[in-house]
Amino acid sequence: VQLVESGGGLVHTGGSLRLSCAASGLTFNDYAMRWYRQTPGKEREVVAVISNTGGIRNYADSVKGRFTVSRDNAKNTVYLQMNSLKPEDTAVYYCNALRGFRNYWGKGTLVTVSS
């Protein structure tokens, strides 16, 4: 199983980025997908969750109204649209696939928001 994140980079406060996570080696539409983020010295925190069909989406309070998670099961890809970015959104963002005891992670993509 491989999860490959892309789309990170450097953006100014108020800017936008769209992260992608391409999955392979699994039956993608069987898995709920999550985006997490982590900064040095802090625990990894969940940012957004989307069910396997895309019908249920949940967000951390810190990103509600600014981030949108979506998925394209035909392309085995999950997305995170991030708008109105703030310096505190700076982190490595990870994609996660979860189904029962099956739990897979990508290697992450760095998002840096400058003030």
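The values are calculated or read from the model by the stated rules, or taken from the named source; none is laboratory data. This structure is a prediction, so every number in the text was calculated from the model and none was measured. We place every Cβ from the backbone using ideal geometry, glycine too, and count neighbours over all the protein chains shown. Each accessible area value is taken on the protein alone, full model and side chains, heavy atoms only, with ligands, DNA and RNA left out. Shrake-Rupley method; radii C 1.70, N 1.55, O 1.52, S 1.80 Å.
Limited to the stretch 16-45, what total is found for residues that are surrounded by 15 or more Cβ atoms within 10 Å (Cβ to Cβ) and closer than 18 Å to LEU110 by Cα?
The qualifying residues number 10.
Take the residues of the stretch 51-71 that are farther than 17 Å from VAL4 by Cα and of a type in the set (Val, Ile, Thr): which is least open to solvent (accessible area, probe 1.4 Å)?
Filtering the stretch 51-71 for residues that are farther than 17 Å from VAL4 by Cα and of a type in the set (Val, Ile, Thr), the one least open to solvent (accessible area, probe 1.4 Å) comes out as VAL63.
What is the residue count in the stretch 1-30 for residues that are of a type outside the set (Val, Ile, Thr), over 14 Å from ARG71 (Cα atoms) and not in a strand (DSSP E or B)?
Of the residues in the stretch 1-30, 7 are of a type outside the set (Val, Ile, Thr), over 14 Å from ARG71 (Cα atoms) and not in a strand (DSSP E or B).
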